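Okay, structure first, notes after.
The values are calculated or read from the model by the stated rules, or taken from the named source; none is laboratory data. Just so we're clear, the structure is a prediction, and the values are computed from it rather than from any experiment. Here the Cβ positions follow ideal geometry from the backbone for every residue, glycine too, while neighbour counts run over all protein chains shown.
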Amino acid sequence: MSATATTIAHEVPPNTGLRAFVRKLRSGDEIAHLIALVFAAGILLITSLLVYELWRTSYLSRTKFGWMFFWTRTWDPVFDNFGAAPFIYGTLVTSAVALVIAVPLGLASAIFLSELAPRKVSDIISFLIDLLAAVPSVIYGLLGIFVVVPLMRTTLGPAIKSVLGFTPLFSGPNYGVGFLTAGIVLAIMVVPFIISVSREVLLTVPREQREAALALGATRWESTWQVVVPWARTGIMGSIFLALARALGETMAVTMVIGNDPKITASLFAPGYTIASVIANEFTEATGDLYLSALIELGLVLFLMTFILNGLARILIVATERGGGRPA
Amino acid sequence: MSNARIIWRKTVNYVMLTLTGVAAFGVVSVLFLILGYLIWNGGTSLNLNFFTQLPKPVGETGGGMANAIVGSLKLLFLAAMMGLPFGLLAGVYLAEFGGKTFSFVVRYTTDLLNGVPSIVIGIFAYSLVVLPVKHFSTLAGGVALAIMVIPITVRSTEEFLRAVPGSMREAAMALGASQWKTIVTVVLPAASGGILTGMLLALARVAGETAPLLFTAFSNRYWSQGWGQPIASLPVMIYTYAIAPYDDWHRQAWAAGLVLLGLVLVSNLGARFILARTKAI
Amino acid sequence: MKKTLLVVWLLLGAAAIVAAQSGTVLLNAAGATFPYPIYSKWFDVYHTAYPNTQINYQPIGSGGGIRQLQAGTVDFGGSDGPMSDEQLAQSKFKILHFPTVLGADVPSYNIAGVSGELNFTEKALAGIFLGTITKWNDPELTKANPGVNLPSADIVVVHRSDGSGTTYIWTDFLSKVSDEWKNKIGKGTSVNWPVGLGGKGNEGVSGLVKQTPNAIGYIELVYAAQNGIAFGKVQNAAGKFIKADLASVTAAAAGAAKNMPDDFRISITNAPGATSYPIASFTWLLIPAHIEDAAKRDAIKGFLKWMLTEGQKYNEGLTYAQLPKTVIEKELKAISLVQ
């Protein structure tokens with residue numbers, strides 16, 4: 001094409017290939033776009049790499065145990081038999097106890113702060129509660145060991161036992177450490193999240209809603225409980241999911257007070273074990289590749305649980321938005 | 001409506017509303033309990049030794065956590081250097097450039113990463129940074145913390161960038177600035193208060209993390225040299241000392257807890273102060 | 001404001017880099033909590049005598065020592081249980097065992113109203129830890145302890161939650177004296193405990209026992225002594241109830257010294273002899289046979305030599321028995337195997 005090459009010398013080269021790409025980059029905007037894009041994509045890369053690494057290093061355990069891993073109850077490093085059931089149980093039970101304590105407490109506090117307290121008082125208190133959310137987990141663990149455990153052993157435990165000791169939930173000896181103690185410590189840790197998010201959501205409920213209820217003769221409480229709170233339903237559910245996600249993955253505070261015993265027991269006073277705790281305790285010491293692989297598979301299970309939880313939270317928000325027909 | 005019913009409803013009203021107040025004050029008093037307990041137990045053990053001495057062998061008193069304090073600072077430095085710019089730029093992408101589906105995926109993944117339990121991040125950093133080079137290191141700990149800093153920073157950066165009014169962007173562009181110039185000279189400075197707050201809060205959050213450090217930074221009885229050796233850190237020391245039976249170690253754990261909490265609270269307060277000042281402007 | 005922050009960060013970073021010293025040999029080690037008190041003393045004294053060598057030993061449990069050594073993340077490890085043949089075969093490089101001190105596992109307990117020393121038969125210990133003996137006033141316990149008012153309270157069993165050589169010694173003993181234990185549970189640094197709470201490290205177990213009424217846990221002699229926790233006598237192979245102390249532990253090792261294999265891996269639990277304490281053990285440093293870095297190699301060899309000669313003087317002060325002379329001589333010769 002050499003003859004025609006000179007005649008088309010003035011034409012702009014076609015917009016393809018590396019040359020075109022570099023040409024586009026001459027504009028500062030495109031460079032900025034690219035740099036920012038790289039970092040945004042980097043997050044995808046990190047997360048994928050994380051899942052990949054977990055998947056790869058848990059290979060031995062996954063192939064040996066298959067789906068049985070989820071309901072095998074033994075954790076036996078001597079005979080190389082590992083199962084996730086006690087840890088899934090422990091993680092779920094401690095989180096459930098935490099929510100049972102934290103949700104009523106948190107919601108009630110949020111209602112107080114958004115509906116009843118004068119604005120200044122409400123602001124100061126919620127500021128303090130936000131600070132609570134910032135306290136590192138290991139400090140909760142410290143308090144757990146030196147305050148909650150002795151309290152449970154000497155005062156709380158016997159008190160609960162004297163009233164509810166006949167139920168399977170509260171039977172058995174009370175050591176101070178165990179599911180209930182871990183649940184209490186977790187509750188203290190997640191209540192600030194519930195409060196701060198719920199309070200914000202409650203504050204966004206339009207005044208007209210409250211006023212309409214009051215105008216119809218409702219008491220303050222009735223207007224709050226039957227009108228305002230349902231309006232803020234999605235946000236409150238969101239805060240509960242947030243709290244749950246935090247509780248599931250919480251490691252240090254739980255490890256220090258749960259008793260470290262991989263068993264499934266009905267009693268809340270019994271010692272237990274969560275996924276995060278067993279990994280923290282045994283990871284650096286797992287002699288044997290299958291042992292280590294089983295621990296990593298547990299990490300994968302935990303990751304899966306938080307993944308599902310996140311997904312559920314999103315579906316819930318979308319569903320309520322569509323169904324309720326009210327602005328989220 | 002009958003009188004009895006009205007009285008009942010009024011009683012319920014009064015009782016429930018009081019209960020909510022009780023709940024709120026109950027929660028706040030827990031905070032004061034925590035602070036009080038820490039100050040009481042930790043304050044008495046805070047002495048010059050704590051800040052200047054290295055840990056002593058089992059059974060000998062007078063040891064301190066000087067290396068752990070410096071260790072935590074070094075780890076935070078790494079987390080900041082690696083995580084903050086990453087999160088900032090990703091946040092800029094989401095707020096300023098993003099395409100619809102890609103942004104959705106990135107946001108979802110960021111939330112996912114934020115929700116990953118810190119111990120799992122520790123496993124990841126172990127297989128990524130510790131195993132290949134065959135030793136525990138400050139760098140590995142820094143990487144683990146950086147991974148945790150990124151999602152928090154992305155979220156707050158995006159939020160504060162979005163809060164900058166569109167009119168500012170339009171004004172800049174009307175004056176002939178290109179998009180990137182607008183971002184760098186107008187939008188970012190306008191959102192800087194909030195972004196800085198977010199960064200400070202992210203660092204305060206990871207300062208107290210223990211689990212990811214357990215098998216990355218490990219721990220060290222001595223001063224850690226450079227960035228490739230194991231390093232002591234306040235949270236790990238608190239954990240190790242708290243579960244031991246030595247009273248002297250317990251005292252030191254309280255003292256360390258007080259120092260750590262002090263650091264975290266001061267950062268939080270500082271962050272809010274910055275935010276309040278920029279909002280006022 | 002932002003500029004000052006940036007400057008502060010940069011300065012911090014620079015300072016950290018500048019602070020890195022050169023010329024010091026830093027050795028990282030991890031492993032058994034059993035000998036941590038004496039190791040921390042040794043490494044400290046050694047560092048004062050040889051300031052260029054720093055040995056950072058983290059007590060994460062014997063299992064941890066073995067694992068991290070095999071992963072190559074530490075320079076040497078410490079373990080109360082010798083590595084098994086399979087573990088050695090699986091290891092990518094040759095590992096040498098060097099006994100350092102002798103110690104003992106003791107059954108420590110916290111029973112209100114009982115301040116003296118309880119006698120534990122072999123069957124009693126096996127039963128308690130199997131979960132078949134559940135109350136303190138069980139006949140197996142009361143018949144060995146006439147005159148002691150044992151309450152009818154539930155026994156709270158405490159064991160290790162981490163991979164531990166202390167566990168290895170304890171389960172090794174139980175496997176020797178109880179067939180049920182041997183077949184159901186076996187011995188190892190980490191086992192499937194039928195009952196009990198888990199504490200992390202000797203510290204965790206002794207902490208739990210100290211804080212929990214009616215608890216019993218197995219801990220190293222030193223931890224019991226240092227924390228004033230009551231511990232009992234154990235019945236040995238000759239039928240006598242022996243309390244763990246320097247004399248009885250040394251007696252247990254005396255026979256072993258004659259039969260010490262070349263790789264130093266030997267179990268002395270349930271040792272013969274009227275005065276031998278039945279739950280005694282050596283504890284080992286696990287050293288790679290081949291160390292690339294000359295400075296590290298010399299530092300480790302130097303420490304080993306010091307430990308076998310000077311270091312042994314500190315043992316008894318911390319309630320660890322000294323190594324028998326014949327074992328020391330054999331080890332000094334074995335140091336040359338580290339290359």
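Grab the helices (runs of 4 or more DSSP H) fully contained in the stretch A:220-319, keeping just those with 3 or more residues being in contact (Cβ under 8 Å) with a residue 12 or more places away in the chain.
Helices (runs of 4 or more DSSP H) meeting the threshold: A:233-249, A:252-257, A:275-282.
Return a yes/no flag: does the stretch A:102-112 have any residue that is closer than 30 Å to A:Ser58 by Cβ, more than 7 Å from every other protein chain (Cβ to nearest Cβ) and surrounded by fewer than 24 Cβ atoms within 10 Å (Cβ to Cβ).
No, every residue in the stretch A:102-112 fails to be closer than 30 Å to A:Ser58 by Cβ, more than 7 Å from every other protein chain (Cβ to nearest Cβ) and surrounded by fewer than 24 Cβ atoms within 10 Å (Cβ to Cβ).
Return the pair list, or none, for Cβ contacts closer than 7 Å from residues in the stretch C:211-227 that are assigned to a loop (DSSP other than H, G, I, E, B) to residues that are among the acidic types (Asp, Glu) and surrounded by fewer than 21 Cβ atoms within 10 Å (Cβ to Cβ), at least 6 apart or on different chains.
Taking only residues 6 or more apart or on different chains, the pairs are C:Asn214/C:Asp154.
Scan the stretch A:66-97 residue by residue and report those that are in a helix (DSSP H, G or I) and either in contact with an Asp or Glu (Cβ under 8 Å, 6 or more places away or on another chain) or over 18 Å from A:Glu297 (Cα atoms) (or both).
A:Phe69, A:Val93, A:Thr94, A:Ser95, A:Ala96, A:Val97
Considering only the stretch C:159-167, I want to know if a residue exists there that is assigned to a helix (DSSP H, G or I), at pLDDT 85 or above, more than 10 Å from chain A (Cβ to nearest Cβ) and surrounded by fewer than 24 Cβ atoms within 10 Å (Cβ to Cβ).
Checked the stretch C:159-167: no residue is assigned to a helix (DSSP H, G or I), at pLDDT 85 or above, more than 10 Å from chain A (Cβ to nearest Cβ) and surrounded by fewer than 24 Cβ atoms within 10 Å (Cβ to Cβ).
Looking at (1) within 14 Å of chain B (Cβ to nearest Cβ); (2) farther than 20 Å from C:Lys123 by Cβ; (3) crowded, with 24+ Cβ neighbours inside 10 Å, which one does C:Gly217 not meet, given that it meets all the others?
Going through (1) within 14 Å of chain B (Cβ to nearest Cβ); (2) farther than 20 Å from C:Lys123 by Cβ; (3) crowded, with 24+ Cβ neighbours inside 10 Å one by one, C:Gly217 breaks only (2).
For the stretch B:7-28, give me each residue that is within 16 Å of A:Gly217 (Cβ to Cβ) and either at the interface with chain A (Cβ under 7 Å from one of its Cβ atoms) or under 30 Å from the mean Cα position of the chain (by Cα) (or both).
B:Arg9, B:Lys10, B:Val12, B:Asn13
Can you name the residue in the stretch A:222-278 that is within 12 Å of chain B (Cβ to nearest Cβ) and of a type in the set (Phe, Trp, Tyr) and, of all such residues, is farthest from A:Thr181 (Cα to Cα)?
A:Trp225
In the stretch B:240-281, which residue that is under 13 Å from the mean Cα position of the chain (by Cα) and polar (S, T, N, Q) is nearest to the other protein chains (Cβ to nearest Cβ)?
B:Asn268
When you go through B:Gly43, B:Gly36, B:Gly99, B:Gly63 one by one, which is the residue that is touching a Pro at 6+ places or on another chain (Cβ under 6 Å), surrounded by fewer than 22 Cβ atoms within 10 Å (Cβ to Cβ) and more than 7 Å from every other protein chain (Cβ to nearest Cβ)?
Testing whether each residue is touching a Pro at 6+ places or on another chain (Cβ under 6 Å), surrounded by fewer than 22 Cβ atoms within 10 Å (Cβ to Cβ) and more than 7 Å from every other protein chain (Cβ to nearest Cβ) leaves just B:Gly63.
Looking at (1) closer than 19 Å to C:Gln211 by Cα; (2) among the small types (Gly, Ala, Ser); (3) part of a helix (DSSP H, G or I), can you tell me which one A:Gly172 breaks?
(3)
Out of the residues in the stretch A:117-140 meeting the condition of being facing chain B (nearest Cβ under 8 Å), without any contact (Cβ under 8 Å) to a residue 60 or more places away in the chain and assigned to a helix (DSSP H, G or I), tell me which one is nearest to B:Leu38 (Cα to Cα).
Checked the stretch A:117-140; the qualifying residue nearest to B:Leu38 (Cα to Cα) is A:Ile139.
Just to be sure before I move on: is A:Val100 assigned to a helix (DSSP H, G or I) and of a type outside the set (Ser, Thr, Tyr) in the structure I sent?
yes
Which helices (runs of 4 or more DSSP H) sit wholly inside the stretch C:49-150 and have at least 2 residues that are over 14 Å from the mean Cα position of the chain (by Cα) and surrounded by 24 or more Cβ atoms within 10 Å (Cβ to Cβ)?
So the answer is C:62-71, C:122-130.
Can you name the residue in the stretch B:127-170 that is among the polar types (S, T, N, Q) and within 12 Å of chain A (Cβ to nearest Cβ) and is also farthest from C:Glu292 (Cα to Cα) among such residues?
Looking at the filtered set, the residue picked out is B:Thr157.
Quick one: count up the residues across the stretch B:27-53 that are in contact with a helix residue (DSSP H, G or I) (Cβ under 7 Å, 6 or more places away or on another chain) and either at pLDDT 85 or above or assigned to a helix (DSSP H, G or I) (or both).
Here the count works out to 15.
Give the residues of the stretch B:106-126 that are free of Cβ contacts under 8 Å to residues at least 60 places away in the same chain and at the interface with chain A (Cβ under 7 Å from one of its Cβ atoms), sorted by residue number.
Answer for the stretch B:106-126, where residues must be free of Cβ contacts under 8 Å to residues at least 60 places away in the same chain and at the interface with chain A (Cβ under 7 Å from one of its Cβ atoms): B:Val106, B:Thr109, B:Thr110, B:Asp111, B:Leu112, B:Leu113, B:Gly115, B:Val116, B:Val120, B:Phe124.
Just one of the numbered conditions (1) over 30 Å from C:Thr250 (Cα atoms); (2) without any contact (Cβ under 8 Å) to a residue 40 or more places away in the chain; (3) among the polar types (S, T, N, Q) is not true of C:Gln87; which one?
C:Gln87 satisfies all of (1) over 30 Å from C:Thr250 (Cα atoms); (2) without any contact (Cβ under 8 Å) to a residue 40 or more places away in the chain; (3) among the polar types (S, T, N, Q) except (1).
So the check is Cβ under 7 Å with 6+ separation or different chains; which pairs have a first residue in the stretch A:30-51 that's within 8 Å of another protein chain (Cβ to nearest Cβ) and closer than 16 Å to A:Gly299 by Cα and a second one that's buried (at least 16 other Cβ atoms within 10 Å of the Cβ) and not aliphatic (A, V, I, L, M)?
Partner pairs satisfying both residue conditions: A:Thr47/B:Thr109; A:Leu50/B:Phe124.
Would you mind stating whether C:Ile128 is of a type in the set (A, V, I, L, M, F, W, C) and closer than 30 Å to C:Val327 by Cβ?
no
Consider C:Asp298 against the criteria (1) at pLDDT 90 or above; (2) farther than 19 Å from C:Asp172 by Cα; (3) touching a strand residue (DSSP E or B) at 6+ places or on another chain (Cβ under 6 Å): it satisfies all of them except one. Which criterion is unmet?
(3)
Is there a residue being surrounded by 15 or more Cβ atoms within 10 Å (Cβ to Cβ) and touching a helix residue (DSSP H, G or I) at 6+ places or on another chain (Cβ under 8 Å) anywhere in the stretch C:294-302?
Scanning the stretch C:294-302, I find at least one residue that is surrounded by 15 or more Cβ atoms within 10 Å (Cβ to Cβ) and touching a helix residue (DSSP H, G or I) at 6+ places or on another chain (Cβ under 8 Å), so the answer is yes.
Do you know which residues across the stretch B:180-234 are surrounded by fewer than 24 Cβ atoms within 10 Å (Cβ to Cβ), within 11 Å of chain A (Cβ to nearest Cβ) and either without any contact (Cβ under 8 Å) to a residue 40 or more places away in the chain or charged (D, E, K, R) (or both)?
Result: B:Trp180, B:Lys181, B:Thr182, B:Val184, B:Arg205.
Check C:Glu316 against each of (1) touching a helix residue (DSSP H, G or I) at 6+ places or on another chain (Cβ under 7 Å); (2) surrounded by fewer than 15 Cβ atoms within 10 Å (Cβ to Cβ); (3) over 26 Å from B:Glu60 (Cα atoms) and name the one condition it does not meet.
Condition (3) is where C:Glu316 drops out.
Checking A:Ser48 against (1) out of contact with any helix residue (DSSP H, G or I) (no Cβ under 7 Å at 6 or more places or on another chain); (2) polar (S, T, N, Q); (3) surrounded by 15 or more Cβ atoms within 10 Å (Cβ to Cβ), which single condition isn't satisfied?
Of the numbered conditions (1) out of contact with any helix residue (DSSP H, G or I) (no Cβ under 7 Å at 6 or more places or on another chain); (2) polar (S, T, N, Q); (3) surrounded by 15 or more Cβ atoms within 10 Å (Cβ to Cβ), the odd one out for A:Ser48 is (3).
Restricting attention to the stretch C:223-255, which residues are out of contact with any strand residue (DSSP E or B) (no Cβ under 7 Å at 6 or more places or on another chain) and crowded, with 20+ Cβ neighbours inside 10 Å?
Of everything in the stretch C:223-255, those that are out of contact with any strand residue (DSSP E or B) (no Cβ under 7 Å at 6 or more places or on another chain) and crowded, with 20+ Cβ neighbours inside 10 Å turn out to be C:Tyr223, C:Ala251.
Got a sec? Which of C:Leu304, C:Leu323, C:Leu285 is assigned to a loop (DSSP other than H, G, I, E, B), within 19 Å of the chain's Cα centre (by Cα) and closer than 27 Å to C:His47 by Cβ?
Just a single option satisfies the conditions, and that option is C:Leu323.
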